[in-house]
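Enquirer: If you scroll down you'll find the structure; I have some questions about it.
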Amino acid sequence: MITTIDQKQNFIKGIIKENPVFVMLLGMCPTLGVTSSAFNGLGMGVATLFVLLMSNIVVSLVKSQIPSKVRIPAFIIIIASFVTIVEMVLEAFIPFLYEQLGIFIPLIVVNCLILGRAEAFASKQNLYSSIIDALGMGIGFVLALTLLGATREILGNGSLFELKFVAENANTFILFILPPGAFIALAYLAAVFNKFTIKT
Amino acid sequence: MSKKESSFINMVVTLLIITLIAGLSLGFVNDITKGPKAKAKLERKIKALKMVLPEFTNNPVADIKLVKSEKAKDSVEMYPAYSEKNWVGTAVVGSTYKGFSGLIKLMIGFKQDGTIQNVAVLEQKETPGLGTKMKDEKFISQYRDKNLESFNIKVKKDGGEIDALTGATITSRAFSEAVQMAYDEFLKSEMRNAER
């Protein structure tokens, strides 16, 4: 059942060839919603990375115990538990980030990236491969969200990680921190990303 | 994919076990984080109180008064401040749902005569880079040391004296509204009327 896979390839694919945001277009809701600044993107990315890693580990461990007809509800419960844990821990220890991300933390539950990896990968592969897969995909997600957040923050607010580099009253492309700017920025970034990574 | 057969009983049992474990671990984490969560909330409140009130020696959080108001869903929180048993002012939590993205919650500190000492933002979900500029000194300073008896708190577009934030008129309007609501509650408060 388990085919041997090249772990290095397995790790790299999440960042480049199957990048969840720029190539697979998974998890668009948090991607578009929270990336109004680089810091928010990074925070959301790391929260998702944690949930993805933990759920991949657990799903891979219990995969042979779960009857296949109830596997989706079982995965959702596992994922939802970890999301709730992340939410409680953030609220208790990093209240600043908790306020910024707000409603998007509970929405990690329905991030199809996580369920997708549980279903397509962790439920078929061994523990070690699943961890590598989660790390690769998660880091790909973090990088993509941070890049998108940074782009929007630079264009829309003239700052990066809250450090302003334009004058106080300078006109910036406010559009980019508003919702439509998320779509525009994502489209251009995805186009550029694919131009350099996809070999025809 | 998985080798286990999907019979009715083992589906129910599997889900039961998973939910049980999930429930237990959530309860466990909740127990751990309950303390720090409450502490973080209290700390934020005390920080805001220190920011908006004149110097006080009591514990306003312990002396909290909840007042029913027709303008707000929940009762309005009022934190009286005393310095050596003399009442020096009250912090009122003003809120409105008319922000660009819903709820805006402010804490407004009033001196004895109703002059605004300072305003602190407790909760908001406004657009980053536009509405969030209401936290900036430049905007908040417009409210400082103003007495609403003689100062029209509305934004200039509505005939008032407040310069709205560029690109965030709705936020500015809501901000003023929350301050106004807190002021109205302050006027009604027993503390102030007893003083008169």
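Enquirer: Quick check on this structure: which one of A:A74, A:A92, A:A80 is surrounded by fewer than 20 Cβ atoms within 10 Å (Cβ to Cβ), at pLDDT 85 or above, in a helix (DSSP H, G or I) and within 13 Å of another protein chain (Cβ to nearest Cβ)? Show your work before the answer.
Expert: Details: A:A74 fails: surrounded by fewer than 20 Cβ atoms within 10 Å (Cβ to Cβ); A:A92 fails: surrounded by fewer than 20 Cβ atoms within 10 Å (Cβ to Cβ).
Answer to the selection: A:A80.
Enquirer: Which of the residues that make up the range B:74-110 are farther than 29 Å from A:L178 by Cα, outside any strand (DSSP E or B) and either out of contact with any strand residue (DSSP E or B) (no Cβ under 9 Å at 6 or more places or on another chain) or not polar (S, T, N, Q) (or both)?
Expert: Matches in the range B:74-110: B:D74, B:E84, B:K85.
Enquirer: Still on this structure, please answer the following. Find the residue count for the range B:114-140, including only residues that are within 14 Å of chain A (Cβ to nearest Cβ) and among the hydroxyl-bearing types (S, T, Y).
Expert: Qualifying residue count for the region: 2.
Enquirer: Could you please give the count of residues in the range A:144-188 that are part of a loop (DSSP other than H, G, I, E, B) and touching a residue at least 60 places away in the same chain (Cβ under 8 Å)?
Expert: Restricting attention to the range A:144-188, the residues satisfying the condition of being part of a loop (DSSP other than H, G, I, E, B) are A:158, A:161-162, A:165-173, A:178.
Going one step further and asking which of them are touching a residue at least 60 places away in the same chain (Cβ under 8 Å), we end up with A:161-162.
Going through the range A:144-188 one residue at a time, the tally reaches 2.
Enquirer: Suppose we keep only residues that are basic (K, R) and within 8 Å of chain A (Cβ to nearest Cβ) within the range B:40-67. Which one would you say is nearest to B:I116 (Cα to Cα)?
Expert: This residue is B:R44.
Enquirer: Name the residues in the range A:95-120 that are touching a residue at least 60 places away in the same chain (Cβ under 8 Å) and within 10 Å of chain B (Cβ to nearest Cβ), would you? Can you show your working first?
Expert: Filtering the range A:95-120 down to residues touching a residue at least 60 places away in the same chain (Cβ under 8 Å) leaves A:100-101, A:104, A:107-108, A:110-114, A:116-118.
Answer for the range A:95-120, where residues must be touching a residue at least 60 places away in the same chain (Cβ under 8 Å) and within 10 Å of chain B (Cβ to nearest Cβ): just A:Q100.
Enquirer: Among what's in the range A:44-69 and is buried (at least 18 other Cβ atoms within 10 Å of the Cβ) and within 10 Å of chain B (Cβ to nearest Cβ), pick the residue that is modelled with the highest pLDDT.
Expert: So the residue we want is A:V58.
The values are calculated or read from the model by the stated rules, or taken from the named source; none is laboratory data. If you're wondering where the values come from, they're calculated on a predicted model, not measured in any experiment. Glycine gets a Cβ as well: all are built from the backbone with ideal geometry, and neighbour counts include every protein chain shown.
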